[in-house]
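Right, one structure below, let's go through it.
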Amino acid sequence: MSEPETPVHAPPNEQLDLSKIKELDENDMMDLDLVSESENPESRNSSSKPDFKRKFTEDETVYDDVDDFKPRINIGSPFNSSTDMEQLGPSQHPGRPRGRLSLSQQSKFISYLDEQLMNIQRRFVQSRGLNTENGYSGLAPLLQDLKSVIDFIWYSIDGTTPNTEKLLTQDVSEIPIEQFDSSKSTYFGQTAYLMRVADDIMDYTEKFDLDQLDLGGQGGVIPKLFKLLFILDHIFARLLDGTIPGRTKMNLTDAVRMRAIAERTRTRLTRYLGQKQVHGYHYEVSKIYEESLERCGG
């Protein structure tokens with residue numbers, strides 16, 4: 001095979017006439033082979049047309065089961081197995097006018113709450129290994145103690161419902177504010193303690209390992225956790241609406257703080273359940289502080 005002739009070059013010091021240089025048309029440019037055989041020998045044997053065919057593979061399970069978005073918790077079931085839901089109801093004097101506690105009573109009220117919350121914290125710390133015999137055996141009894149504190153706070157405001165489980169059977173949006181027109185205010189800042197409990201719930205919860213429990217054990221704890229959050233949601237919603245004696249409403253500062261706690265709780269609980277491999281409570285998670293956030297513009 002003869003070698004190709006060397007292209008003619010312009011003589012030295014001769015000026016080129018660029019107007020006479022022929023440009024490559026589009027077809028010539030498409031036919032250029034700029035890849036050497038040494039760099040990519042396999043390309044010589046492959047087809048010039050790219051293979052756009054994709055292998056068929058079965059889709060993996062990337063969607064949650066539709067049943068996971070259905071309610072799994074029976075709101076009508078008792079928080080405590082010893083509670084008779086049919087006997088839950090207003091106190092014997094629902095229409096009796098009552099005002100806020102006196103200053104001395106408020107002082108006793110605050111001292112009692114501080115003592116109860118300190119006892120809960122002390123038992124929690126003991127359950128972490130310092131004194132397991134006197135500490136909490138699990139999350140369920142701790143939630144029960146927190147609920148007792150909430151019951152006490154709410155009864156000081158409402159005066160008719162000593163057990164807050166009754167609130168779960170009510171539609172907070174259907175409570176008429178007019179029924180409190182002639183009532184005396186019972187509010188003296190109890191929201192601060194309610195928000196303290198609400199803010200502590202996840203701090204306590206995240207320290208317990210639900211993944212070490214079987215399904216039966218989880219079924220005895222998780223409903224209590226959601227119910228406690230639903231009870232707080234109902235109470236906060238009523239405080240925002242002013243559907244309490246005296247029609248007193250939560251102030252703006254407390255509302256902003258409450259909203260932050262609510263949003264933080266939703267995020268932390270979702271992450272916690274995922275880490276502990278607890279699935280199937282999407283509906284309940286979506287309902288956490290739903291009423292309160294709706295009233296806060298969240």
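Structural remarks
- Cα-based Kirkwood hydrodynamic radius, the range 207-298, one decimal, Å: 14.3
- Given +1 at the Cβ of Lys and Arg, -1 at the Cβ of Asp and Glu and no other charges, the dipole of the range 121-263 around its Cα centre is 400 debye to the nearest 20.
- In order through the range 161-172: 3J(HN,Hα) via Karplus (6.51 cos²θ - 1.76 cosθ + 1.60), integer Hz, x for Gly, Pro: 10, x, 10, 6, 4, 4, 5, 5, 8, 10, 8, 4
- Over the range 120-167, the fraction of Cα-Cα pairs per 10 Å bin, rounded to whole percents and listed from the shortest bin up, is 27, 37, 25, 11, 0.
- Filter on 184/287; 184/227; 227/287 - keep pairs with C-alpha separation over 21 Å: 184/287; 184/227
- Surrounding net charge for residue 176, when Lys and Arg each add one and Asp and Glu each subtract one, Cβ distance under 13 Å: -3
- Counting neighbouring beta carbons within 10 Å and listing from fewest to most, the residues 206, 115, 174 come out as 174, 115, 206.
- Burial order of peptide ranges 213-224, 188-199 (average beta-carbon count within 10 Å, highest first): 188-199, 213-224
- When all alpha carbon pairs of the range 147-242 are counted in 5 Å bins from zero, the resulting P(r) reads 2, 11, 21, 22, 17, 11, 7, 4, 2, 1, 0 %.
Here, each number is a calculation from the coordinates, and none is a lab measurement. These figures come from a predicted structure and were not determined experimentally. With ideal geometry, Cβ positions are generated from the backbone for all residues, glycine too; neighbour counts draw on all protein chains shown.
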